[in-house]
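Encoded as structure tokens, the structure appears first; notes follow it.
What follows draws every value from the coordinates through simple rules; no lab data is involved. Note that this is a predicted model, so its numbers are computed, not measured. With ideal geometry, Cβ positions are generated from the backbone for all residues, glycine too; neighbour counts draw on all protein chains shown.
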Amino acid sequence: MLLGRVVGTIWATKKDEKLEGMKFQIVRAVDLDYRPLNNFLVAVDSVGAGAGEIVLIAQGSSGRLTWLTKDKPVDAVIMAIVDRLDVEVPESEWEEALK
Amino acid sequence: MLLGRVVGTIWATKKDEKLEGMKFQIVRAVDLDYRPLNNFLVAVDSVGAGAGEIVLIAQGSSGRLTWLTKDKPVDAVIMAIVDRLDVEVPESEWEEALK
Amino acid sequence: MLLGRVVGTIWATKKDEKLEGMKFQIVRAVDLDYRPLNNFLVAVDSVGAGAGEIVLIAQGSSGRLTWLTKDKPVDAVIMAIVDRLDVEVPESEWEEALK
Amino acid sequence: MLLGRVVGTIWATKKDEKLEGMKFQIVRAVDLDYRPLNNFLVAVDSVGAGAGEIVLIAQGSSGRLTWLTKDKPVDAVIMAIVDRLDVEVPESEWEEALK
Amino acid sequence: MLLGRVVGTIWATKKDEKLEGMKFQIVRAVDLDYRPLNNFLVAVDSVGAGAGEIVLIAQGSSGRLTWLTKDKPVDAVIMAIVDRLDVEVPESEWEEALK
């Protein structure tokens, strides 16, 4: 899954009819310190994620396996809101952790 | 989904017979200010998108889930035309929004 | 779909038996002026594309939806030969076209 | 499959209900000397991999083919823990090995 | 398909039970002169490819369509061993070949 942050919303009136009522969120990829990376994508929200929240995104056919996106022409879904993350092997301890 | 802009059209007479009558659009990826990015792709249009319009594209097997592309050998479809987008967390407010 | 150009052929005697008789073409990605880009891939040809021709490629599971590639272990297929392309929104007219 | 190393864990209370009880691991891609590469992803753990371990990850629909991830909205799964790897053709012997 | 070269082997005792007996090969991507590129991946071998051989790899769900990998949690399979490749449109003749 991709780690990202909801930064905005897309409005689209003219769309495939199976997409009626879905919310399209703009999600920017983030690093493990939640700093913004360059890439972003648009994902359907299945868990009620709001602007500013850190989320996980499932892409491809897996993006269609939530209750909301089944058989829909969408390739990315927000399927979890991140409470926090624990980095147990930081780069500074990379080598010793390998031993 | 990928955010992009329709910039042109592909003409192909010789093609898989299941593709008869489909319109192949050239879509350039754009950033959140609609500025052109480097990558582009060719997508089937399922919503009547014209040149210059900002659109969303679903890729992979999800690209085959519109009425038009079902079971067709296409891996990208325009499934929505973007009216506008709202960026609620700009990079300038990234840090404070995290607090 | 990816826009590319057939630049060569792969010969492989030892292969999955379901691939018997298929032609594996080397396709280099091209830009909208048909100039070569850095990436290339190997695709099965389902439309009789010859060396030098500009083609469209469907990837992933969509690459298995031509008559030739159904249920085969291939992830890229040439499904159309490009006659020509029309760029209606060149980068030089990007801004005014947005208004 | 992607070669990577488990470096941490994601905590997410609010998620698709089918994801209940799954462990989301942060996995950083590594090179053949187990040095960290730039990209990372979040994967469900199906084999009991702990922090610091070198693992293999299957992505896309293949990520849903373990006992744990079947029909779930996840696109990456840890499906093996790497004991060791043997590089038989190092770059220093690339040319002679081709002869 | 990806063009690559088998450079080594992965050993993994603890893995999804459906993977028992499979050989995981390390494959480095190569260019059309068989020079090593930066990226590599791990693929299941379905055709008996040995170290040093040039191979084709099918990725994604297509990687599960060999006799060996059906319904298995793997996303890349070696499905052909390359005997040779013919480049019919080298970059030095790119322009004239377009005419």
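Cross-link list D:Lys72/E:Lys23; B:Lys14/C:Lys18; B:Lys14/E:Lys70; D:Lys23/E:Lys23: which exceed 31 angstrom alpha carbon to alpha carbon? Violating the 31 Å limit, Cα to Cα: B:Lys14/E:Lys70. Here chain A is assigned +1 on the Cβ of each Lys and Arg and -1 on the Cβ of each Asp and Glu. Its dipole about the Cα centre then comes out at about 680 debye. Less than 5 angstrom separates the built amide H of E:Ser46 from those of E:Ile78, all sequence-distant by 5 or more or on a different chain. Residues considered: E:Gly50, E:Gly21, E:Gly63. Largest GNM mean-square fluctuation over chain E, using C-alpha springs under 10 Å, is found at E:Gly21. Only DSSP H runs of four or more residues enter the estimate; each adds -39500 (n - 2.57), and after division by the residues of chain E the mean residue ellipticity at 222 nm equals -1000 deg cm²/dmol. Taken over the C-alpha atoms, the protein assembly as shown has Rg and Dmax values of 22.2, 61 angstrom.
Here the relative contact order of chain B, from alpha carbon pairs under 8 Å that lie six or more residues apart, stands at 26 percent.
Given that compact globular proteins tend to follow 2.2 N^0.38 Å, what is the ratio of the alpha-carbon Rg of the stretch A:2-98 to that value? Scaled against compact globular proteins, the figure is 1.24. For the protein assembly as shown, what proportion of DSSP beta bridges, expressed in % and rounded to the nearest 5, is antiparallel? If we restrict to bridges inside the protein assembly as shown, about 95 percent are antiparallel. For B:Val55, the residues whose amide H sits under 5 Å from its own are B:Gly4, B:Arg5, B:Val6, B:Val82, ignoring neighbours fewer than 5 places away on the same chain, with H placed 1.01 Å from N.
Projecting 7 Å from Cα along the Cα-to-Cβ direction, the label point of B:Pro90 sits 3.3, 3.3, 5.3, 5.3 nm from its equivalents in the other copies, listed shortest first. In the assembly of identical copies, B:Pro36 has its label point, taken 7 Å from Cα in the direction of the beta carbon, separated from the corresponding points by 2.3, 2.3, 3.8, 3.8 nm (ascending, one decimal).
If you model the stretch A:52-99 as an ellipsoid using its alpha carbon gyration tensor, with each semi-axis the square root of five times an eigenvalue, the axes come out at 33, 13, 7 Å, biggest first. A Gaussian network model of chain D, with springs between Cα atoms under 10 Å, assigns the largest mean-square fluctuation among D:Val27, D:Val74, D:Val55 to D:Val74. If only the Cβ of Lys and Arg carry +1 and only the Cβ of Asp and Glu carry -1, the dipole of the protein assembly as shown around its Cα centre is close to 1560 debye.
In the stretch E:17-62, the inverse of the mean reciprocal separation of distinct Cα atoms equals 11.9 Å; this is its Kirkwood hydrodynamic radius.
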